[in-house]
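Values in this text are rule-based calculations from the coordinates and carry no lab data. Just so it is clear, the structure is predicted and the values come from calculations on it, not from any experiment. Cβ placement follows ideal geometry from the backbone for every residue including glycine, while neighbour counts extend to all protein chains displayed.
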Amino acid sequence: MQGLSAAGFALALLSAAAGAHAAGASIDAPLDGLRGDAVRGRAIVADRTRGLCLPCHTGPFPEVRFQGDLAPDLAGTGSRWSEGQLRLRIVDGRRLDPTSIMPAYHRSDGLERVAPAVRGRPILDAQQVEDVVAFLVTLRDAPSISSTAPQGTR
Ligand code: HEC
């Protein structure tokens, strides 16, 4: 009996730790309760002056020349990741991987809250983050272009 309850206690601890980990790997609630717009999100991602995504990523953007190959193809991201995981990835991917070269687009550290007048502005505001996330969840097809792209040319 005692052995069992000790095991149960250990299990409870383990699942609590797993829960905390899952909570840290995604941001499930929309920022500021805002609703994203996928059309605006696509424009942000494709825009070199705002999203800056495509110098690193390729994706289903036939109109954009010179897409990067430093990062995974964005095609199919909506199948690979949940909305909450995508939101965290855009807000601050370094919480997943501190060595990532991908910028934190909307970092929310304590400084942002204490000194709003002087804080560094995030690259994307909360609405723009929600727009980008709303767009990414629509990317449900697996990459097609990159898999047929010539290899060995990098
Ligand atoms: C400086 C290069 C860079 C920029 C700019 C960048 N990313 Fe990334 N991104 C990466 C890298 C590298 C990864 C692979 C994981 C990692 O190393 O963090 C990644 C991973 C991702 C992933 C997960 C992809 C997957 O399927 O594993 C998504 C989604 C993503 N980025 C979206 C974006 C969006 C949207 C933008 C623009 C708002 C953007 N990224 C800008 C480099 C970049």
Problem set entry | Global form of the stretch 27-144, assessed from the alpha-carbon gyration tensor, a/c cut-off 1.5 | prolate
Exercise. Near ARG80, within a Cβ-to-Cβ distance under 15 Å, what is the net charge of the other residues, with Lys and Arg +1 and Asp and Glu -1?
Worked result: 0
Exercise. If we count every other residue with Cβ under 11 angstrom of ARG89's Cβ, Lys/Arg +1 and Asp/Glu -1, where does the sum land?
Worked result: +1
Problem set entry | Charge tally in the Cβ shell below 15 Å around ARG40, where Lys, Arg are +1 and Asp, Glu are -1, ARG40 excluded | -2
Exercise. Can you put ARG50, ARG87, ARG121 in order, fewest other beta carbons within 10 Å first?
Worked result: ARG121, ARG50, ARG87
Problem set entry | Of the GluC sites (Glu not before Pro) in the stretch 26-114, those whose Cβ has at most 12 other Cβ within 10 Å and which sit in DSSP loop | GLU63
Exercise. If we count other beta carbons within 10 Å of each Cβ, what is the order of ILE123, ILE101, fewest first?
Worked result: ILE101, ILE123
For this session: Would you kindly state how much longer the chain becomes between ARG40 and ALA25 on full extension, computed as 0.36 nm times their sequence separation minus their alpha carbon distance, in nm to one decimal?
Result: 2.9 nm
Exercise. Using mean Cβ contacts within 10 Å as the protection proxy, how do 127-139, 26-38 order, highest first?
Worked result: 127-139, 26-38
